[in-house]
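Quick notes on the structure that follows.
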Amino acid sequence: MAMTRTPVRRVVDYTVLGVLAFIFALPALYLFLGSLKPSDEVLNGLTGFLPTDLSFDNYAAVFDSLSSDSTGYFWQFMGVSVLLSFVVVTGGLIVNSMAAYGLTRLKWRGQNAVFTLVLLLMLIPFESVAVPLFYMFNGQRNTLFIQALPFVANAFAIYQFHTFFRKIPPSIEEAARLDGAGPWRTFFAIIVPMSKPVFASVAILTFLIQWGSFLWPVLMVSDPSVRPLPLEMSVFQGQQPPDWGQILAFGVLLVLPVLIVFAFFQRWFVEGVASSAVKG
C-alpha cells in the first residue's frame, strides 16, 4: 500500500525545499543585482542585496570597452562560444548516440570490453590528459577546430544514451526489420524520435560543459579572434583597477545563454532525468 503524506508533512517538505532553493538562488540574485549597481556598491556584503541605484550602465560599459580591434569585440567572443558549443553539442549527439546504439543493440565480438573501456574513461578527469593533448596538438593552436575536437566524443554521454536505449523494447526494432528497415533507418526513423528526453539531457549537459570550458582554451588560445567568452571574461577581470559592477554584468551575459538553452529543452530534460531515475 502506497504511503500518503499528511498535509502537515507536505507543508514541512515544501517549506524546507523552498528555503533550500532560496539559499541556492542567492548567489545568482547577488550577481544580477550587482551587475546593475555602481562598482563601489557591489562589494558591500549583505547590503548588496538591496535594490538601490540600479541601472544598465555596467552593461553599456562592457560593450563599450570591447568594441575595438585592440580589445576585440564582445559579440565576436560570444560568436566563438556559440559556434564551438553548437559544433560540440551537435557532433556529440550524433557521434555518442550512434556509438551507444552500436554498444546496445548491435551484436559484435568485443562489445562488452569496449563498453567497459567507455566506463573506465568516465573516471579519467580531463585535467589529467590536458597537458599530453596540448603537446599532441600544439601545431593546431589558435584554431576553432582544436577547441572543439577533444569534446565531441564523450564517455558519459555514451553511457547516458546506452542506459536509455537499453530500456527500449527490442520488439520495436524487430517489427522495423520485418518491414525491411536496416540498422541505419531503424536508428534514425525509430530510435531517435523515441529518445528525445535523453537527447535533450545530453544536449544540455554537453552545452553546460562546453560553454564554461576554460582550461583547454587557456592552453590552446592566445589569439583574441578565436577567444571564447569564458576566457575573455578572465582577461576582462584581470584589468586594473577591476570594476566589479562591469565584471558582474559580464557574468550575467555569460550565464544568459545557458538559461535560454535550459528553458528551451526543459521539458525533455526533466523527462530524461525522470526516465533515467526510473529505468536505472
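Using θ = phi - 60° in the Karplus curve 6.51 cos²θ - 1.76 cosθ + 1.60, the 3J(HN,Hα) couplings for the range 31-39 round to 4, 5, 5, x, 5, 9, 10, x, 4 Hz; x is entered for Gly and Pro. Look at the dipole of the range 9-114 built from charges on Cβ: of N96, P51, G110, the Cα furthest out on the positive end belongs to G110. The Cα atoms of the chain give a gyration tensor whose axes a ≥ b ≥ c have a/c of 1.5 or more with a/b no greater than b/c, which makes the shape oblate.
Checking the a/c ratio against 1.5 first, then a/b against b/c, what shape does the Cα gyration tensor give for the range 1-112? Verdict is oblate for the range 1-112.
By average Cβ neighbour count within 10 Å, what is the ranking of 18-28, 238-248 from highest down?
Those peptides, ordered most packed to least, come out 238-248, 18-28.
Using θ = phi - 60° in the Karplus curve 6.51 cos²θ - 1.76 cosθ + 1.60, the 3J(HN,Hα) couplings for the range 198-215 round to 6, 4, 5, 4, 5, 4, 5, 5, 5, 4, 4, 5, 5, 4, x, 4, 10, 4 Hz; x is entered for Gly and Pro. In the range 73-119, what chymotrypsin sites (Phe, Trp or Tyr not before Pro) fall in a loop by DSSP, with at most 12 other Cβ atoms inside 10 Å? Listed in order of number, the matching sites are W108. Excluding same-chain neighbours fewer than eight residues apart, the aspartates and glutamates reachable from K196 by a Cα-Cα span under 19 Å are E173, E271. When peptides 128-137, 59-68 are ranked by their average number of other Cβ atoms within 10 Å per residue, the highest-first order is 59-68, 128-137.
Other residues lying with their Cβ under 13 Å from the Cβ of S39 contribute a combined charge of -4, Lys and Arg counting +1, Asp and Glu -1. Taken about its Cα centre, the range 66-219 carries a charge dipole of roughly 460 debye when the Cβ of each Lys and Arg holds +1 and the Cβ of each Asp and Glu holds -1. Report the trypsin sites (Lys or Arg not before Pro) located in the range 49-110 that are in a DSSP loop and have at most 13 other Cβ atoms inside 10 Å of their Cβ, or state none. In loop regions of the range 49-110 (DSSP not H, G, I, E or B), the sparsely surrounded trypsin sites (Lys or Arg not before Pro) are K107, R109.
All of the numbers you see were taken from the coordinates with simple rules; none came from a lab. These numbers come from a predicted model, not from an experiment. Every residue, glycine as well, gets a Cβ built from its backbone with ideal geometry; the counts of neighbours run over all protein chains shown.
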